[in-house]
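See structure below.
The values are calculated or read from the model by the stated rules, or taken from the named source; none is laboratory data. Fair warning: this is a prediction, and the values are worked out from it, not measured in the lab. Accessible surface areas use protein heavy atoms only, side chains included; no ligands, DNA or RNA. Shrake-Rupley method; radii C 1.70, N 1.55, O 1.52, S 1.80 Å.
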Amino acid sequence: MLALLRVGVAWFFWHDCGPHEATLNWPAVIVLGIETSCDETGVALYDTDRGLLADALYSQIHIHAEYGGVIPELASRDHIRKTLPLVREVIEKAGIRDAQIGGVAYTAGPGLIGALLVGAAIGRSLAMGWNVPAIGVHHMEGHLLAPMLESDAPAFPFVALLVSGGHTQLVCVEDIGRYKLLGESLDDAAGEAFDKVGKMLGLPYPGGPEVARLAQSGKAGAYKFPRPMTNRPGLDFSFSGLKTFVRNTIAEEVEVQGELNDAVRADIACAFEDAVVNTLAIKCRRALEQTGLSRLVIAGGVSANRRLREVLGATVAKSGGELFYARPELCTDNGAMIAYAGAQRLLAGQSEGLSIQARPRWNLETLPALNP
Ligand code: KG4
Ligand code: ZN
């Protein structure tokens, strides 16, 4: 795999590059962002002056769909094929020259190690070839800061609900790099629960958006599912019991009526979505009360969920607060959030040496503050 990568990067420089001068054009800088932590290759160019210049995404979903989940080795191999062409695509789309790029940000973790290594090796090599600084970005920090790319960006401090396929976390955010974990899932992440319930209902991978679509035609209240860990204090989550509850309900219905008809499947999807959204809303309200903050940011793939946005919007408005989120394509994995987060850190003078970073697990709280 790495041999293939070396050939690819060598081709890139041979094909394209003349000599590059170091272009540390502080305080404005154009940063190339590369996201390869899971099953999406995302590449973007962010200009700290002009905002997002170009964004390109290649989803591997069709490759993994037949297995019902992500196959890590297939993910890595596909990132190798797609990353450099996407880099070329965003540079062309943005209408800039390579020499105008002042820094490279790549996702350094958490995620699939092979997939991370592809983005890290390509990102670091490009930065070396261009003679600009590089930085490894925490994937969840990328998600957390994605709403900053919108015109109505939240001001610090705020509470962030991070809800993706791998994480469900409530974080008190004082500033970039000043994160305090308030609570997290003890087992399945919210997105993972959506994906597993989607599978149980016979929906294609990834199940989250499919369950949400099916839930729209369901009858509210036809089933009542538990709201896990809401009847005791604390801000942790657990979704695996809810998932088992859904599995048992499906098994009972199948026993009574044979194969489930579309209306029953939609009612179950609706009750499941309602249980997850309600549970998240109860915990978000608690987190705001506990911290005394009024702004809530939601980020990560599940924050694209319409019902979640509606319910949280109403919850926050009741206490005079405000809800912030990014447009749906910036909620799921993308290169723009990595370019943005990396740009903030590069502007603050943070960057890395020539070695690459790739961390399958990485605690958000250990990140350095932007303004120590
Ligand atoms: O942030 P993301 O793209 O990748 C990770 O970092 O994990 O999140 C992907 C997750 C998947 O579990 C997907 O099913 C879920 O987000 N998702 C949704 C929706 N859109 C994506 N879940 C519920 N409703 C949605 N509309
Ligand atoms: Zn993600």
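Quick notes on this structure:
- Antiparallel DSSP beta bridges within the chain, as percent of all bridges there, nearest 5: 60
- Checked against a 30 Å cut-off, the cross-linked pairs Lys93/Lys283; Lys93/Lys196; Lys224/Lys318; Lys180/Lys224; Lys82/Lys199 give Cα-Cα distances beyond that limit for Lys93/Lys283; Lys93/Lys196; Lys180/Lys224.
- Extension gain for the segment Gln216 to Asp262, taken as residue separation times 0.36 nm less the Cα-Cα distance, is 15.3 nm to one decimal.
- Kirkwood Rh in Å, taken over the range 329-372 so that all alpha-carbon pairs contribute: 12.4
- Max-minus-min Cα coordinates of the range 298-340 on each principal axis give 34, 19, 11 Å, with the largest extent listed first.
- Relative to the globular-protein estimate of 2.2 N^0.38 Å, the Cα radius of gyration of the range 215-372 stands at 1.33.
- Shown here is the pair-distance distribution of the range 155-245: with all Cα-Cα distances grouped in 5 Å bins from zero up to the longest one, the shares run 3, 13, 18, 21, 18, 13, 9, 5, 1 percent.
- Most fluctuating residue given options Val163, Val297, Val316, as computed from a GNM of the chain linking Cα atoms under 10 Å: Val316
- Separation between Cα centres of the range 331-349 and the range 102-123, rounded to whole Å: 12
- Computed on protein heavy atoms with a 1.4 Å probe, the accessible areas place Phe156, Phe272 in the order Phe156, Phe272, largest first.
- Taking only the Cα atoms of the chain, the radius of gyration and Dmax are 21.2, 72 Å.
- At a probe radius of 1.4 angstrom, the accessible area of the chain per residue rounds to 42 square angstrom.
- Taking the square roots of five times each eigenvalue of the Cα gyration tensor of the range 202-243, the equivalent ellipsoid has semi-axes of 24, 15, 8 Å, listed largest first.
- Long-range amide H partners of Glu322 with built H, under 5 Å: Arg295, Leu296
- The range 293-372, accessible surface, carbon-and-sulfur percent (1.4 angstrom probe): 49
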